[in-house]
Amino acid sequence: MMRVVQVSQPGGPFEIVERPIPEPGEGSVRIRVEACGICHSDALTKDGHYPGIQYPRVPGHEVAGVIDAVDPGTAEWQPGQRVGVGWNGGYCGHCDPCRRGEFFACVTHQVTGITYDGGYAEYMIAPVSAVALMPAELPAVDAAPLMCAGLTTFNALRNAGARPGDTVAVLGLGGLGHLGVQYAAKMGFHTVAIARGQDKGPLARRLGALAYIDSQAQDPASELLKLGGAKVILATATSGEAMSAVQGGLAVNGTLLIVGAASSMQVSPLLLLAGCRSVKGWYSGTSIDAQDTLAFSARTGVRPMNETFQLERASEAYDRMMSGKARFRVVLTVAP
Ligand SMILES: [Zn+2]
Ligand SMILES: [Zn+2]
């Protein structure tokens, strides 16, 4: 038997229950979970705001653990391999988007912890297309948040069109932003952090930012222009107002790249057309992107700042994450 933390109905409480340890079906592996990050998107499972979700459901899409059983027909993964599973719950490989290489847009829309049970558990089953290799030197508790928050910022930054030496700003210094600043610095960008309040400046510099803009005391757009304008602004904040306020700091051909889920924002068409600027969103990534994220982080020393809780304290840990007070990611650990 194994313990899982499940939600039985939309808005229902987290319940710790015992279930038989599942066997991996065709094209799947079983993972003994060591750590699972708690992401704000887990609220979709908790509150039932994702279409078609079936209950009971075990949330969790920031999973780190060890493969302990594989479907016999699966040649590429073996028991004992350290792996992670993120938001992308795998893809079919033969629908039209997959045939175009856009695996993230697969019509099967498999999402870990939503379409099937996720990582708030001692064991979980994942299709092989969702599995990323985790480097030996990266502890599971560090790898877990990198499977969503890390992957999202790393993959957005490396696809944003900036080159080493370009000015790249990261808006927001929370769960996503504190990783985004580290990645931008390690990628060789002239990294600028933008957040609210003077007190975050020292942290931003410790994470690798060469400049810090306090958006409460300064106009972030004009401060960015003093630095020559930003080739990329990675918007991790969830405030549309904060996003609108930075767009004027984009350099010619600059991109405001959005990963924070704000509900709406103001964009100036004149600003876009006069400088060939763009506003673009970015999806986190698939399992190979996650694998690249983990490998890059292991090599360069990028690490999340975490608060950890034992699996049994999932409810308390979730509330801590939802409070917005966690510094900066909340991670569940599973005793072996
Ligand atoms: Zn997430
Ligand atoms: Zn597909």
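All of the numbers you see were taken from the coordinates with simple rules; none came from a lab. As the structure is a computational prediction, the values presented were derived from the model and not from experiment. Cβ atoms come from the backbone with ideal geometry, glycine included; neighbour counts cover every protein chain shown.
For the range 310-333, list residues with backbone N below 17 Å from a point placed 7 Å from the Cα of ILE16 toward its Cβ?
Residues 310-320, 331-333 fall inside that zone.
May I ask which residue of PRO304, ILE16, LEU224 lies farthest towards the positive end of the charge dipole of the chain, with charges of +1 (Lys, Arg) and -1 (Asp, Glu) on Cβ and the Cα centre as origin?
Farthest towards the positive pole: LEU224.
Sorted by average packing, counted as other Cβ atoms within 10 angstrom per residue and highest first, what order do 182-192, 304-314 take?
Values: 182-192: 23.2, 304-314: 18.0.
The most tightly packed comes first, giving 182-192, 304-314.
Expected output is a single nm value to one decimal: the length gained when fully extending between GLU23 and ARG205, i.e. 0.36 nm times separation in residues minus the C-alpha distance. What is it?
Details: separation 182, 0.36 × 182 = 65.52 nm, distance 4.72 nm.
Working it through step by step, the gained length comes to 60.8 nm.
Rounded to the nearest 20 Debye, what is the dipole magnitude of the chain about its Cα centre when Lys and Arg each give +1 and Asp and Glu each give -1 at the C-beta?
Numbers: 27 positive and 29 negative charges, 207 e Å.
So the dipole magnitude of the chain works out to roughly 1000 debye.
Place +1 on the Cβ of every Lys and Arg and -1 on the Cβ of every Asp and Glu in the chain, take the dipole about the Cα centre, and give the residue among PRO56, MET134, ALA184 whose Cα lies farthest towards its positive end.
ALA184
Sorting check: for 200-209, 90-99, 57-66, which peptide has the highest mean count of neighbouring beta carbons within 10 Å, and how do the rest follow? Walk me through the numbers before you get to the answer.
Values: 200-209: 18.2, 90-99: 15.1, 57-66: 27.4.
The densest-packed peptide leads the list: 57-66, 200-209, 90-99.
At q = 0.08, 0.09, 0.15, 0.16 Å⁻¹, what log₁₀ I(q)/I(0) does the chain have when each alpha carbon counts as one equal point scatterer in the Debye sum?
-0.37, -0.47, -1.20, -1.32
Would you mind putting 78-86, 138-146 in packing order, based on average other-beta-carbon counts within 10 Å, highest first?
Details: 78-86: 21.2, 138-146: 25.0.
Most protected by this proxy first, the peptides run 138-146, 78-86.
Put a dot 7 Å past each Cα toward the Cβ at MET2 and ALA261; how far apart are the dots in nm?
Taking the two extended label points, one gets 2.5 nm.
Tell me what the chain gives for mean residue ellipticity at 222 nm when only DSSP H runs of n ≥ 4 count, each as -39,500 (n - 2.57), the sum divided by the residue total, rounded to 500 deg cm²/dmol.
On the way: 11 runs with 83 residues, N = 336.
Helix-only estimate at 222 nm: -6500 deg cm²/dmol.
Taking the range 105-192 as the region of interest, what is the percent of Cα-Cα pairs per 10 angstrom bin, listed from the shortest bin to the one with the maximum distance?
Bins of 10 Å from zero give 14, 38, 31, 15, 1 percent of pairs.
Multiply the residue separation of LEU273 and GLU241 by 0.36 nm, subtract the distance between their alpha-carbon atoms, and state the gained length in nm to one decimal. Show your work: numbers first, answer last.
Working: separation 32, 0.36 × 32 = 11.52 nm, distance 2.08 nm.
Once the chain is fully extended between LEU273 and GLU241, it gains 9.4 nm.
Charges at C-beta only: +1 for Lys and Arg, -1 for Asp and Glu. How large is the resulting dipole of the range 112-192 about its Cα centre, in Debye rounded to 20? Present the calculation step by step, with values, prior to reporting the outcome.
Numbers: 3 positive and 5 negative charges, 73 e Å.
Computed charge dipole of the range 112-192: roughly 360 debye.
Let me spell out the model: positive unit charges on the Cβ of Lys and Arg, negative unit charges on the Cβ of Asp and Glu, origin at the Cα centre of the range 86-147. What dipole size does that give, in debye rounded to 20?
Values: 2 positive and 6 negative charges, 55 e Å.
That gives a dipole near 260 debye.
Can you grab the distance from the C-alpha centre of the range 75-111 to the C-alpha centre of the range 319-336, Å, no decimals?
The range 75-111 and the range 319-336 have Cα centres separated by 27 Å.
Calculate I(q)/I(0) for the range 144-198 by the Debye formula, one identical point scatterer on each C-alpha and no solvent, and give its log10 at q = 0.31 Å⁻¹ to two decimals.
For the requested q values the scattering log ratios are -1.27.
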